[in-house]
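Right, one structure below, let's go through it.
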Amino acid sequence: MDPLILLAAGISILIGALMALLFVRHNSFDRRSKVETLSKSEILTDKNPTTSNSKKSHSKHHSHASDKDQNKRHHPLDINTLKGHGDLVNGLCFSSDGRSLATACADGVVRVYKLDDAANKSFRFLRINVPPGGHPTAVAFGDDSASVVVASQTLSGCSLYMFLDESAKTANETKQPAKPPVTKWEHPKIHDKRAILTLFGTTASYGNADESTILVSCSEGTDIMLWHGKSGKNLGTVDTNQLKNNMAAVSPNGRFIAAAAFTADVKVWEIVYSKDGSVKEVLKVMQLKGHKSAVTWLCFTPDSEKIITASKDGSIRTWNINVRYQLEEDPKTLKVFPIPLHDSSGHVLPYDRLSISPDGKILAVTHGSTLQWLCTETGRVLDTADKAHDVACHAGDITGIAWAPQYLPVGNQKGLVLATSSVDKKVKLWVAPPSSTSLGAATS
C-alpha cells in the first residue's frame, strides 16, 4: 500500500483518538462539576433540615427517656427505686446513721443497701439468706449497721435471728473477699409460734440505761417481747390482753413501749433500768383513752415525750406521755386531727402506718398504695402520692415505711429521706416535702 495513504490513515486515527479523549475528559469534568455543584447545593440547602432531623431525633430520644423516667418516678418527691427483690417486701429499717437500709423480702433474703447517695442509680448491698424454709417478716439493726436482727416465719412458727457481718469493719483494711454474715444468736419458735408483725429497735439512753440496743417484737397474738440486741437475751414479756395486736413500738430513748391493738385504748409500759444499766423490769404505767375505735398504728415523737396515734374512728391524736403517772397524772391529748383521706363516696380511709420525720415536723402516713405527708403541727396535707407503688401488684399495698434518722446525700444536696416497701417487690426512696407550721388549725 502507498506509504502516504498509510500515513494519512494513521494521522486520522490519531486525530480521532485525541478528539475522543478530549470529549470524554470534557464530559467527565462537566459531570463531576455538576455532581460537586449538586452536592454543595444539597449540603447548603439540607444543612438546617439535617440538623433539625438530628435535633428532632435527639429530642425524641430525650423525650422517650423522660417518659420512662416519668413512669418510674411519677411523683416529684420520688427520687429512687431499689429493685432486685424476688418477692413482696415485708418490711424495712434504717441504721442509726441512715447510711444502711435493710429490707426483709419474702424470697427468703434480707438485703442491706449502702446509701452513699440516695439518688444513685445503683447500690452495693449485703445479702443475708435466712435458714431454708423461712420468710423474713421484719428486720431491725443491732448495735451498728453490721448486725441485723431478722424475724423469719416458717410453717412451724416464727424465729428471731441476729446476723453479724464480720467482714464489714475489716474489708477496707485487709481488702479480703467479703465473708457471708454469721448467725450470732437465734430464738426459734417464739411468740407461741405466732407471726411477728413488727420489730423495732433503739439505743437505750434513758436514765441508767447502758446505751445498748434493745428490741421489741410484737406478735399477731397479744404478747410483746423485749430483747437485748447484742446478746439476744429475753428481757421481758408483756401482754396487751386485747384479743389481737396490730403493732408495738419502743420510744427512741428506750423508756417506753406502746401497743396498738384490737381495742380503742393504747397501753403503755415503762422499761425500768437497774443501776448497772441492765433492764430490771417492764411495768404497765398508763393507758391512752380517747379514740372511739381500734388504733391501727402509732409512733413516738423523736423526743420520746409524745405518741401519735391513728384510729379507725377517722382521727389522728397527739398525746403527751411526759406525765407524773406515779402521782396518777393521766396522759393528755394535745391535738386531734381528722384523717384527710377519703374514698370516692366521701368515707374516711384510716391510715395503715405512721412514721415521723427525725426533726418531728412531718408525719408520713399510708393507706393501701397511697402515701401522704402531713404537717405534725397542723395536720395539713403537705403532699400526696396516690399510687406510690405499682397498683397492678395486689393494689400496690405499702408494707413498710421508715425515715432515715439523719440527713442523707441526695445528689449535690442533703435531705430527709423516707423509704417505703410494697407487695410490688420494690422499695422506694422519697425526699421530704417542704414543711409548714403556719397552715391549718388543730382542734383539741
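Filter the range 391-414 down to the residues that are more than 15 Å from Asp352 (Cα to Cα) and more than 14 Å from the chain's Cα centre (by Cα) and list them by number.
Val391, Ala392, Cys393, His394, Gln406, Tyr407, Pro409, Gly411, Asn412, Gln413, Lys414
Give me a count of the residues in the range 391-402 that are open to solvent by 20 Å² or more (accessible area, probe 1.4 Å) and at pLDDT 95 or above.
Total satisfying the criteria: 2.
Out of the residues in the range 211-232 meeting the condition of being assigned to a strand (DSSP E or B) and open to solvent by 10 Å² or more (accessible area, probe 1.4 Å), tell me which one is farthest from Met162 (Cα to Cα).
Of everything passing the filter in the range 211-232, Asp223 is farthest from Met162 (Cα to Cα).
Spot the failing condition for Leu235; the list is (1) over 19 Å from Gly201 (Cα atoms); (2) open to solvent by 30 Å² or more (accessible area, probe 1.4 Å); (3) in contact with a His (Cβ under 7 Å, 6 or more places away or on another chain), and only one is missed.
For Leu235, the failing item is (1).
If you scan the range 257-267, which residues turn out to be modelled with pLDDT of 95 or more and open to solvent by 10 Å² or more (accessible area, probe 1.4 Å)?
Ala264, Asp265, Lys267
This table checks each residue for (1) crowded, with 20+ Cβ neighbours inside 10 Å; (2) of a type in the set (Phe, Trp, Tyr); (3) in a loop (DSSP other than H, G, I, E, B).
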| position | (1), (2), (3) |
| --- | --- |
| Pro340 | no, no, yes |
| Asp359 | no, no, yes |
| Leu374 | yes, no, no |
| Leu382 | yes, no, no |
| Pro409 | no, no, no |
| Leu418 | yes, no, no |
| Asp424 | yes, no, yes |
| Lys428 | yes, no, no |
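How many residues does the range 85-136 hold that are in contact with an Asp or Glu (Cβ under 9 Å, 6 or more places away or on another chain), touching a residue at least 40 places away in the same chain (Cβ under 8 Å), open to solvent by 10 Å² or more (accessible area, probe 1.4 Å) and in a loop (DSSP other than H, G, I, E, B)?
Total satisfying the criteria: 8.
Asn208 passes all but one of (1) more than 27 Å from Asp303 (Cα to Cα); (2) in contact with a strand residue (DSSP E or B) (Cβ under 7 Å, 6 or more places away or on another chain); (3) open to solvent by 30 Å² or more (accessible area, probe 1.4 Å); which number fails?
Condition (1) is where Asn208 drops out.
Each row is one residue, and each column tells you yes or no for (1) open to solvent by 30 Å² or more (accessible area, probe 1.4 Å); (2) closer than 24 Å to Pro331 by Cα.
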{"position": "Ser251", "(1), (2)": "no, yes"}
{"position": "Arg255", "(1), (2)": "yes, yes"}
{"position": "Trp269", "(1), (2)": "no, yes"}
{"position": "Gly277", "(1), (2)": "no, no"}
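Checking Ala388 against (1) under 27 Å from Lys114 (Cβ atoms); (2) modelled with pLDDT of 95 or more, which test does it fail?
(2)
Provide a single number: the residues in the range 299-328 that are part of a strand (DSSP E or B), over 24 Å from the mean Cα position of the chain (by Cα) and among the hydroxyl-bearing types (Ser, Thr, Tyr).
The qualifying residues number 3.
The values are calculated or read from the model by the stated rules, or taken from the named source; none is laboratory data. Given the structure is predicted, the values throughout are model-derived calculations rather than measurements. We place every Cβ from the backbone using ideal geometry, glycine too, and count neighbours over all the protein chains shown. Heads up: the accessible areas ignore ligands, DNA and RNA and are worked out on the full protein's heavy atoms, side chains in. Shrake-Rupley method; radii C 1.70, N 1.55, O 1.52, S 1.80 Å.
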